[in-house]
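The structure appears right after this line, and notes come after that.
The values are calculated or read from the model by the stated rules, or taken from the named source; none is laboratory data. Computed from a prediction, not measured in an experiment: that's the story for all the values here. Because the Cβ atoms are built from the backbone with ideal geometry, glycine has one as well, and the counts that use them run over all protein chains shown.
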């Protein structure tokens, strides 16, 4: 590696997921500014679960989210956490979970399910109904559900039900992007 390449890597250690240019994070400032923002007040699902989304799942955010989902873009996860933390202002548990990855508790799939993509709303709900288990002893502790895209909310509802069954207290959710209804 020549000296110019070393400096370039130090100044711009990542390649933008959208334009491919060198940048300090997963997305360059220009591409980040182009991401369509989701409403800042969040959304309530039918079962009382509040969900906060960063972006609307439309171009170019859809490309960024798919790069994360299928490419394992940890740098996009860090960028998203930084972007999301101010939206959960006043809720330090959520901020801490997003920015510091504290007390991560993974839900366990109780059975294999086909991908949700392409399924109708009803089929999505049936597909994940009872498909998750959260380790017990949540003892009224708050739970933050983290997902990539909110489409029908079927996965988040199933995860929230599993968390409630494990004794969780307040349950909230954050997603990278919200698909348009």
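Quick notes
- Yes/no for residue 69 being surrounded by fewer than 13 Cβ atoms within 10 Å (Cβ to Cβ), touching a strand residue (DSSP E or B) at 6+ places or on another chain (Cβ under 9 Å) and modelled with pLDDT under 80: no
- Consider the range 47-66 and keep the residues that are in contact (Cβ under 8 Å) with a residue 24 or more places away in the chain and under 13 Å from residue 172 (Cα atoms). The one that is surrounded by the most Cβ atoms within 10 Å (Cβ to Cβ) is 53.
- Filtering the range 138-156 to residues that are at pLDDT 85 or above and either more than 15 Å from the chain's Cα centre (by Cα) or in a loop (DSSP other than H, G, I, E, B) (or both) leaves 151, 152, 153.
Table: residues versus (1) touching a helix residue (DSSP H, G or I) at 6+ places or on another chain (Cβ under 7 Å); (2) buried (at least 19 other Cβ atoms within 10 Å of the Cβ).
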position	(1), (2)
129	yes, no
134	yes, yes
145	yes, yes
153	no, yes
158	yes, yes
164	no, no
169	no, no
176	yes, yes
179	no, no
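- Residues that are farther than 18 Å from residue 148 by Cβ, at pLDDT below 85 and not in a strand (DSSP E or B), drawn from the range 106-135: 134, 135
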